[in-house]
Amino acid sequence: MITPIISGSSNYPKIDIYRYPSVISLTSCYTYYRNFLNCILNSNIIHIKSLPIYPYILEQYNIRYAEKWITRIDDNFLNYNLATMPPSLHIPQSSPPKNSRITYLTIKSFSGDVSGIIAESIFIYFLHSIGVNINLVGHIRPLKKIGGFLPDFLIYDKKYAMRNLISGNYNLPIYAEVKGSIRIINKYRWYKAITQLAKVLRQKNDCGIIFLIFKYSTYNFTYKAVVIEVRI
Amino acid sequence: MSVNEIIQKLNEAYDNLWLGAIDTARDILSSIELSEKTLRKYEDVKRLYKEIKEKYRGNDTLIADRFREATNNREINMEYIISGSIHEYAKMLANKLKLVIEIKEPSIITKKYYKYSISKYLETKYEVRILFNNSVKEINEQKLLQKLKNMNFRVESVPVDIESLKSHYLYISAFSSLYFIELIALLPRAVIIFSFAKSERERIQQICEEVIDSMLTLDNR
């Protein structure tokens with residue numbers, strides 16, 4: 001037996017993943033819309049697991065599943081997770097033209113696209129880690145450009161690996177909408193997620209999930225993720 | 001063709017695109033065929049959605065509710081919508097791929113249990129992309145480590161503590177006085193970066209296959 005030199009997951013960043021204990025019904029979700037994150041975070045969210053993030057794996061999920069073409073999400077994830085800001089940019093000695101309302105770009109900001117890709121990659125990572133066959137997961141986001149009526153992911157969880165995330169029986173596919181942010185997700189994005197699922201959930205056993213990955217503030221270390229079940 | 005078969009086809013096409021097998025990806029996308037009934041229903045859905053979107057412009061809640069009601073009333077189930085959408089997307093992508101046929105694609109080497117392509121960065125640095133067949137269910141890490149050790153590599157591997165990923169995932173870096181190899185696998189894909197101290201153009205294919213073969217968990221190979 002060859003013993004690897006590096007071992008264990010203790011040195012890797014971890015993301016705590018929670019489950020919102022109640023099912024959100026499409027008929028009442030607009031109450032949540034007003035103050036949804038407080039509702040969610042002030043409730044007794046159930047801790048599912050601490051997921052160690054191996055950056056090289058994350059990059060593979062990114063390449064295979066994320067919508068946009070951004071590479072080295074392994075590197076980006078570490079920066080975004082720890083909120084590592086790049087050093088201030090060099091600025092010229094002369095000031096910008098007077099009264100032009102122009103200022104020099106001195107600090108770069110975090111990118112929403114990168115946050116979105118981190119969220120999508122971590123979502124697939126999470127599904128795989130709980131035993132979902134990810135070959136039966138389809139990222140159908142590009143189809144939004146055609147019709148606009150489908151959410152981010154369709155999950156044919158034939159092994160019922162997601163049964164602990166979902167209450168009661170469910171039809172396949174499970175529809176998933178993923179939202180990610182470096183700070184608290186704003187209510188409009190939550191609203192978007194809900195309306196996206198509202199187009200596809202028809203019957204009692206149709207099931208949608210919203211996967212939110214966020215931080216309480218940009219400079220908080222480490223992301224937190226919540227899985228929310230949505231039914232008609 | 002069922003919806004989950006279509007999803008599998010789409011993922012398979014993406015995998016082949018990643019490998020550089022554009023013709024294969026296009027063939028897979030073109031093989032997604034739907035019944036006349038499904039296509040008709042899907043056309044209905046598109047028209048309906050467009051009408052609703054125009055009528056309730058700016059109110060996403062109403063658009064979602066009305067769309068759901070309208071498709072329910074017309075007995076258009078989600079299967080028509082999903083398979084129709086993917087079918088349309090697949091056709092669009094297959095057509096786009098016709099345009100890139102002029103670009104010289106990397107040559108794909110097909111073996112019994114996998115196929116791979118070699119891209120040259122430099123005379124001394126190559127990226128090899130490997131796509132395993134469905135018959136390869138897991139990676140034989142121990143055999144690979146032994147193989148590399150026999151090739152006089154010092155090997156570092158990063159094991160994963162997540163049970164369901166253990167047999168699907170591998171990260172190894174191996175180096176000797178003349179070579180550096182970085183290998184990342186997440187089935188059905190794997191990438192190997194080879195860096196050599198001097199050009200090994202003639203041997204790259206042989207070294208590559210030796211390494212890949214040792215990853216396979218197949219008794220009758």
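The values are calculated or read from the model by the stated rules, or taken from the named source; none is laboratory data. Model, not experiment: these values are computed from the prediction. When we count neighbours, we look across all protein chains shown, and the Cβ atoms used for this are built from the backbone with ideal geometry, even at glycine.
Quick notes on this structure:
- Taking first residues from the range A:31-46 that are of a type in the set (Val, Ile, Thr) and partners that are at pLDDT below 70, the Cβ contacts under 8 Å between residues at least 6 apart in sequence or on separate chains come to A:ILE40/A:TYR32.
- Taking the range A:60-81 as the range and being assigned to a helix (DSSP H, G or I) and either more than 11 Å from chain B (Cβ to nearest Cβ) or touching a residue at least 40 places away in the same chain (Cβ under 8 Å) (or both) as the test, the residues that pass are A:TYR61, A:ASN62, A:ARG64, A:TYR65, A:ILE73, A:ASP75, A:ASN76, A:PHE77, A:LEU78, A:ASN79, A:TYR80, A:ASN81.
- Taken over the range A:211-232, the residue count meeting the criterion of being away from chain B (no Cβ under 14 Å) and closer than 14 Å to A:ILE174 by Cβ is 4.
- Test result for A:ILE122, assigned to a loop (DSSP other than H, G, I, E, B), under 26 Å from B:LEU187 (Cβ atoms) and either modelled with pLDDT under 80 or not polar (S, T, N, Q) (or both): no
- Residues of the range A:153-169 classified as part of a loop (DSSP other than H, G, I, E, B) and within 13 Å of another protein chain (Cβ to nearest Cβ), total: 6
- When residues of the range A:170-185 are limited to those that are among the charged types (D, E, K, R) and away from chain B (no Cβ under 13 Å), the one surrounded by the most Cβ atoms within 10 Å (Cβ to Cβ): A:LYS179
- In a residue-by-residue description of the range B:70-87, the property of being within 34 Å of the chain's Cα centre (by Cα), within 30 Å of B:ARG129 (Cα to Cα) and in a loop (DSSP other than H, G, I, E, B) applies to no position.
- In the set A:ILE182, A:ILE146, A:ILE213, only one residue is under 25 Å from A:ASN79 (Cβ atoms), in contact with a helix residue (DSSP H, G or I) (Cβ under 8 Å, 6 or more places away or on another chain), at pLDDT below 90 and not hydroxyl-bearing (Ser, Thr, Tyr); that residue is A:ILE182.
For (1) aromatic (Phe, Trp, Tyr); (2) surrounded by fewer than 16 Cβ atoms within 10 Å (Cβ to Cβ); (3) at pLDDT 90 or above; (4) in a loop (DSSP other than H, G, I, E, B), each residue gets a yes or a no:
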{"position": "B:SER173", "(1), (2), (3), (4)": "no, no, yes, no"}
{"position": "B:ALA185", "(1), (2), (3), (4)": "no, no, yes, no"}
{"position": "B:PHE194", "(1), (2), (3), (4)": "yes, no, yes, no"}
{"position": "B:GLN205", "(1), (2), (3), (4)": "no, yes, no, no"}
{"position": "B:SER214", "(1), (2), (3), (4)": "no, no, yes, no"}
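- Failed criterion for B:ARG26 (all others in (1) part of a helix (DSSP H, G or I); (2) surrounded by fewer than 16 Cβ atoms within 10 Å (Cβ to Cβ); (3) away from every other protein chain (no Cβ under 14 Å); (4) not polar (S, T, N, Q) hold): (2)
- Criterion (without any contact (Cβ under 8 Å) to a residue 12 or more places away in the chain, within 11 Å of another protein chain (Cβ to nearest Cβ) and of a type in the set (Gly, Ala, Ser)) met by exactly one of B:ALA90, B:ALA64: B:ALA64
Here's the yes/no breakdown for (1) touching a strand residue (DSSP E or B) at 6+ places or on another chain (Cβ under 7 Å); (2) not aliphatic (A, V, I, L, M):
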position: B:ILE109; (1), (2): yes, no
position: B:SER117; (1), (2): yes, yes
position: B:ASN134; (1), (2): no, yes
position: B:ASN140; (1), (2): yes, yes
position: B:TYR171; (1), (2): yes, yes
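- With respect to the conditions (1) buried (at least 19 other Cβ atoms within 10 Å of the Cβ); (2) among the hydroxyl-bearing types (Ser, Thr, Tyr); (3) part of a helix (DSSP H, G or I); (4) within 12 Å of chain B (Cβ to nearest Cβ), A:TYR188 falls short on a single one, namely (1).
- Between A:ILE48, A:ILE24, A:ILE17, A:ILE57, the distinction of being modelled with pLDDT of 75 or more, facing chain B (nearest Cβ under 10 Å) and either more than 14 Å from A:TRP190 (Cα to Cα) or buried (at least 17 other Cβ atoms within 10 Å of the Cβ) (or both) belongs to A:ILE57 only.
- Among residues of the range A:33-45 being crowded, with 17+ Cβ neighbours inside 10 Å, among the aliphatic types (A, V, I, L, M) and assigned to a helix (DSSP H, G or I), the one that is modelled with the lowest pLDDT is A:LEU37.
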